[in-house]
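Peer 1: Structure below; questions to follow.
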Amino acid sequence: MALEKLRKEETLAMRKRLIGQSLRLFYSEDPVKIVRARGQYLFDESGKRYLDCISNVHHVGHCHPRITKAAAAQMELLNTNSRFLHDNIVLYADRLAATLPERLCVFYFVNSGSEANDLALRLSRQYTQHEDVIVIDHAYHGHLMSLIDISPYKFRKLAGQKEWVHVAPLPDTYRGIYQEGHPNPGQAYADTVKDLIEEVHSKGRKVHFNTDPYSFTKICDIQNSHRYTETHGVSRYVRSAGGVFVADEVQTGFGRVGNHFWAFQLQGEDFCPDIVTMGKPMGNGHPLACVATTAEIARAFTDNGVEYFNTFGGNPVSCAIGMAVLDVIEEEDLRGNAIRVGAHLKDLLAKLQTRHEIIGDIRGVGLFVGLELVTDKEKKTPATERAAWVVKRLKEEHQICVSTDGPWESVVKFKPPMCFSMEDAELVVQCIDGILTASFYLAEHVASFYSTLITGGDSLFELCVTCNSSLSGHCV
């Protein structure tokens, strides 16, 4: 079978003509055309290999043979509406239940993280009979209108904040309102939620749930935010106000944080959300997502008298794939790999930080890491353009795919497939070191060059030889 049906130029032209332009490509100036993948590697139409540090969706690795085999075998046998009785949906739910606290015992299968979060919103409102929502600043929970309304990352660019949406500060100890020098930043951030609830109540309104701040989309400091929730009682504040606590695990679940299967478990063994949503990594690229909740919340949803069903959610093929993903996570010790490789990556980046002033902060857990770049360490000024430049250089010169994120797009983020290796981590950090080192020396040479021009000299040729590039190519 031909891997490429169209030339890259033809594919790009057709995409521009036929596909909505709001769906932007990675590396839009010079997109990579990917025709096959395996493990943590992508291959373009010429056979060039790229190391993938972006695709957390392909959780156990691209095109894992166990996953493709399970999908093909079940698809050849049966795939039908999930309202027919079938073993796979209950077997898969039972497998998921074994990873969760006992209270989270009822499952609704859907097809995407957005569907899962929308359903969580419905469950919460039905159970509490309250409309208002507390969310964490910069959070993103999906592309449905109901979720754009509760995603500050999106609604601030659109119609703005609804009166029933209330935004708590991101528990960021690097540049947030309470930083590392504060005697107890966790309690201080928790109290902002308490104050917000009191403010909502003073207006005669009631909150119905608080969304968990684990979305890596905004690169919060997970190691600090888990203290913010469990030890300092945000969930208690929410529940005492009649709300429920929803943990959005769409990006962080299924062992990505290493020591735990779910990121909310970082908050302590005794902590249990009222609702957990999951998606992206569940199907390793196959559209599969889920909501887990308590029997009490599920009963309230059933008692409303309106039937809920999802034609494709939990179909036999999707559940076969989901179970295969769980098998691979366990058999290949991918949680252990996340612990070992993630710690190694953070350690290498920390050493890099001692040599490069532009590195302001390193944070994350497991294979879920952010590298924040700043133009001024004291002021913590986001280095947005420089972060984009590092991403571009990694792709063009080293065939490494990463992306930026955060409120200022100043964070280089790493959320690769869980088979990412020690050698991969070392290669990425080595290449970043080379790029930042070249950038520093280039800046020094450019300054010297302009100084020489002002004083009447001409060092252009020397500069180009030293940097092995033209001024137009790399002087940024």
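The values are calculated or read from the model by the stated rules, or taken from the named source; none is laboratory data. Just so it is clear, the structure is predicted and the values come from calculations on it, not from any experiment. Here Cβ is always computed from backbone atoms with ideal geometry, including for glycine, and neighbour counts include all displayed protein chains. Surface accessibility is based on the protein's heavy atoms, side chains included, excluding ligands, DNA and RNA. Shrake-Rupley method; radii C 1.70, N 1.55, O 1.52, S 1.80 Å.
Peer 1: Report the per residue volume, in Å³, of the convex hull enclosing the C-alpha atoms of segment 330-403.
Peer 2: 97
Peer 1: Given 0.36 nm per residue, what is the gain on full extension from E331 to C105 after removing their alpha carbon distance, in nm?
Peer 2: Contour length minus the Cα-Cα distance gives 78.9 nm.
Peer 1: For segment 1-71, calculate the relative contact order in percent as a whole number, restricting contacts to Cα pairs under 8 Å that are 6 or more residues apart.
Peer 2: After rounding, I find 23 percent.
Peer 1: Still on this structure: Lysine pairs in segment 65-331 with Cα distance under 17 Å, only those 8 or more apart or on different chains: how many are there?
Peer 2: Lysine pairs, 8 or more places apart or on different chains, close enough: 8.
Peer 1: Can you pull the accessible area of T192 for me, 1.4 Å probe, Å² to the nearest 10?
Peer 2: Rounded to the nearest 10, that gives 20 Å².
Peer 1: Anything in the chain that counts as a DSSP H helix reaching 24 Å or more along its axis (C-alpha) with Kyte-Doolittle mean of at least 1.6? List them, would you?
Peer 2: Membrane-span-like by this rule: not one helix.
Peer 1: Still on this structure, please answer the following. Could you run the Debye sum over the Cα atoms of segment 72-129, one equal point scatterer each and no solvent, and tell me log10 of I(q)/I(0) at q = 0.21, 0.22, 0.24, 0.26 Å⁻¹, two decimals?
Peer 2: Values returned for q = 0.21, 0.22, 0.24, 0.26 Å⁻¹ are -1.05, -1.09, -1.16, -1.19.
Peer 1: Next question. Once a ≥ b ≥ c are taken as the square roots of the eigenvalues of the Cα gyration tensor of the chain, is the result rounded (a/c under 1.5), prolate (a/b larger than b/c) or oblate (a/b not larger than b/c)?
Peer 2: Verdict is oblate for the chain.
Peer 1: Also, I was wondering about something else. When the solvent-accessible surface of protein heavy atoms is calculated with a 1.4 angstrom probe, in what order do E249, E331 fall, highest first?
Peer 2: Result of the area sort, largest leading: E331, E249.
Peer 1: I would also like to ask the following. Could you name the lysines whose alpha carbon sits less than 18 Å from that of K16, not counting residues in the same chain fewer than 8 places away?
Peer 2: Those lysines meeting the cut-off are K5, K8, K33.
Peer 1: Could you provide, to the nearest whole Å², the per residue accessible area of segment 94-147 with probe 1.4 Å?
Peer 2: Each residue of segment 94-147 exposes 41 Å² on average to a 1.4 Å probe.
Peer 1: What figure in square angstrom, to the nearest 10, would you give for the accessible area of M14 with a 1.4 Å probe?
Peer 2: 70
Peer 1: To continue, here is another question. Just to verify a number: what accessible area does L196 come out at with the full protein assembly present, 1.4 Å probe, Å² rounded to tens?
Peer 2: 20
Peer 1: With a sphere of radius 9 Å drawn around the Cβ of V369, what net charge do the other residues whose Cβ falls strictly inside it have (Lys, Arg +1; Asp, Glu -1)?
Peer 2: Result for the neighbourhood of V369: +4.
Peer 1: Ok, one more. Largest first, what is the accessible-area ranking of Y140, Y108 with a 1.4 Å probe?
Peer 2: Ranked list, largest accessible area first: Y140, Y108.
Peer 1: Suppose we keep just the alpha-carbon trace of segment 65-331; what are its Rg and Dmax in angstrom?
Peer 2: 18.6, 61
Peer 1: Then there is this: Counting only protein heavy atoms, what percent of the accessible surface of segment 65-331 is carbon or sulfur at a 1.4 Å probe?
Peer 2: Reported share for carbon and sulfur atoms: 51 percent.
Peer 1: Quick one: order E423, E76 from most to least accessible surface, probe 1.4 Å.
Peer 2: Largest to smallest exposure gives the sequence E76, E423.
Peer 1: What whole-number value in Å² describes the accessible area per residue of segment 325-412 for a 1.4 Å probe?
Peer 2: That works out to 41 Å² per residue.
Peer 1: I'd like the distance between the alpha-carbon centres of segment 159-207 and segment 234-265, rounded to an integer number of Å.
Peer 2: A separation of 17 Å, based on Cα centres.
Peer 1: Any chance you could check the Cα centroid distance between segment 116-134 and segment 275-333 for me, in angstrom?
Peer 2: Using only Cα atoms to place each centre, the spacing works out to 18 Å.
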